[in-house]
Amino acid sequence: MSTADHQPSWHEPQHAQPPSAWVWSERPTHEPLVTREIYESALKVGGTRNTSRSGAQLNTHPQARRTYLLRSFIHCDLCDRRMFGQTETRRKAQDAYYVCQPDRNHHGREDRFPGHPKVVRVREDPLHRAGR
């Protein structure tokens, strides 16, 4: 059997074909659901959120106590990595932050984030006020 005739079985992972391998019809059979521009814009957003949960529901981790409304939307301006939520308790008050803490020695590459501080923290409440 040639690889072109091979049909993946239910237990084999199926990978999406890149758009460059797609076949486009010269005469579409129906009206598109979205324009190609919107689709391409959504692809960019999807690529940055691909390992992130959708929605603001509480994480299933047993130590999770709160949600972060802007989770997966806040990116570090220095390295473009997605920032994660972190809560700090001081004087009986809880302050929420979005944090970027890149691994300085990622797979032996110490130069991966040159000039990046060890930790970048941004308070959540000013971000909420700015978004209103």
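Observations
- Any hit, the stretch 106-129, residues being part of a loop (DSSP other than H, G, I, E, B), in contact with a Phe, Trp or Tyr (Cβ under 6 Å, 6 or more places away or on another chain), at pLDDT 80 or above and surrounded by 14 or more Cβ atoms within 10 Å (Cβ to Cβ): no
- Failed condition for Thr48, given (1) under 30 Å from Pro114 (Cβ atoms); (2) at pLDDT below 85; (3) open to solvent by 80 Å² or more (accessible area, probe 1.4 Å): (3)
- Positions within the stretch 77-99 being assigned to a strand (DSSP E or B), out of contact with any His (no Cβ under 8 Å at 6 or more places or on another chain) and not acidic (Asp, Glu), in sequence order: Phe84, Gly85, Gln86, Thr87, Thr89, Arg90, Ala93, Gln94, Ala96, Tyr97, Tyr98, Val99
- Failed item, numbered, when His11 is tested on (1) at pLDDT below 60; (2) within 14 Å of the chain's Cα centre (by Cα): (2)
The values are calculated or read from the model by the stated rules, or taken from the named source; none is laboratory data. All values reported here derive from a predicted model rather than from experimental measurement. Every residue, glycine among them, receives a Cβ derived from its backbone with ideal geometry; neighbour counts consider all protein chains shown. Calculation scope for accessible area: heavy atoms of the full protein, side chains included, ligands and nucleic acids excluded. Shrake-Rupley method; radii C 1.70, N 1.55, O 1.52, S 1.80 Å.
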